[in-house]
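Structure first, commentary second.
The values are calculated or read from the model by the stated rules, or taken from the named source; none is laboratory data. Given the structure is predicted, the values throughout are model-derived calculations rather than measurements. Don't worry about glycine lacking a Cβ; one is built from the backbone with ideal geometry, like all the others, and counts go over all protein chains shown.
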């Protein structure tokens, strides 16, 4: 999958719903990220002033020690934010701010069009994972471009076919514990076909129905498992419907998200008992295909921008939304599922091994506080390298509370 870069554009973002201020009380104390409600950007020290930056953990002067209404930057001890939004000695009188609370949001100063803020603790508050967690409390290992493996069939022209995002077929991926699958489908005379960018000059490509059938069959033989598919979708609604009709038993396991917006996500046992254990998201615009049971991804998920940089060299761990109008922090009556992308422009074995070995660190120290929610899908290239499953296991040991 490839996406256009997200651009922080506050003017394009929806207004924050009004909330009622809670009774005044002492401002909280601790070390926090200060995150704009509208944009999802963090307050960062920039020289002697402030700026709104993409969340980047501890790498960009974005951590603030708050005490007695004073915001002290952890990288500049003794320096606090003044009411003029400059940095000065914390002993100055104009560094004390009045904080007013509105539910989980706060007001204290305005910057870059932001007037409401989240205070997200740098050190996460967690609780033990319940015995029967909800879907939005679980984390799943996810294969980026799962079809681009060179085992099941072709996925790109010969000169591109060398850059495999995975090296094991879909069945082996499922047997290895992969439970999320990112697939690209393109319109061809043969239906919805799995290709990267285009199906032109692709030898032996695989149809969507073939891989979906593999997943349905796997679920029938593994009654406790849950699978999620993310479609980068370039086919029309008629072709899409025809493709799904070819999958035997699909409707027996397809989850339709009924009542989620009112009641929240189901628990694992509810998905298992109803046998609705296959979730399919599409990024296609709404054109009626939702009637098949697939879910429009922007309605149900948040997702960070996909690239950590080129295939070799330094990586960029900034964690910000791929959709300008929907910051990672957004939460409605239900909590959107958080899809965390953790891969480069081009997959290289050595780079993916190193990156996957750092997956837990980025998930917990960078993306989790940036989204104010635990990642539900950890999407990587070459999932079998660098022990990405270990990060999934660690995230499945707790529930996150911002």
Please state which one of 96, 51, 67, 88 is under 27 Å from the mean Cα position of the chain (by Cα) and modelled with pLDDT of 95 or more.
51
Given the options 231, 244, name the one that is modelled with pLDDT of 95 or more and in a helix (DSSP H, G or I).
244
Given the criterion at pLDDT 95 or above and under 30 Å from residue 57 (Cα atoms), identify the matching residue among 361, 275.
361
Does segment 260-275 contain any residue that is crowded, with 18+ Cβ neighbours inside 10 Å and without any contact (Cβ under 8 Å) to a residue 60 or more places away in the chain?
no
When both residues are 6+ apart or on different chains and their Cβ atoms are under 6 Å apart, which pairs have a first residue that lies in segment 189-208 and is assigned by TED's automatic domain parsing to the domain that holds residue 247 and modelled with pLDDT under 95, and a second that is assigned to a loop (DSSP other than H, G, I, E, B) and surrounded by fewer than 17 Cβ atoms within 10 Å (Cβ to Cβ)?
201/157
Out of 149, 145, sole residue that is in a loop (DSSP other than H, G, I, E, B) and within 21 Å of the chain's Cα centre (by Cα):
145
Check whether at least one residue in segment 331-340 is in a loop (DSSP other than H, G, I, E, B), modelled with pLDDT under 95, farther than 14 Å from residue 57 by Cβ and out of contact with any helix residue (DSSP H, G or I) (no Cβ under 9 Å at 6 or more places or on another chain), and report yes or no.
yes
Under the condition of being touching a helix residue (DSSP H, G or I) at 6+ places or on another chain (Cβ under 8 Å) and crowded, with 20+ Cβ neighbours inside 10 Å, which residue from segment 172-208 is farthest from residue 158 (Cα to Cα)?
174
If only one of 399, 346 is surrounded by fewer than 24 Cβ atoms within 10 Å (Cβ to Cβ) and either part of a strand (DSSP E or B) or at pLDDT 95 or above (or both), which one is it?
399
Identify all residues within segment 72-87 that are closer than 14 Å to residue 31 by Cβ and in contact with a helix residue (DSSP H, G or I) (Cβ under 8 Å, 6 or more places away or on another chain); write none if there are none.
80
Inspect segment 63-76 for any residue being farther than 20 Å from residue 105 by Cα, assigned by TED's automatic domain parsing to the domain that holds residue 101 and either surrounded by 22 or more Cβ atoms within 10 Å (Cβ to Cβ) or out of contact with any strand residue (DSSP E or B) (no Cβ under 9 Å at 6 or more places or on another chain) (or both) and give the result as yes or no.
no
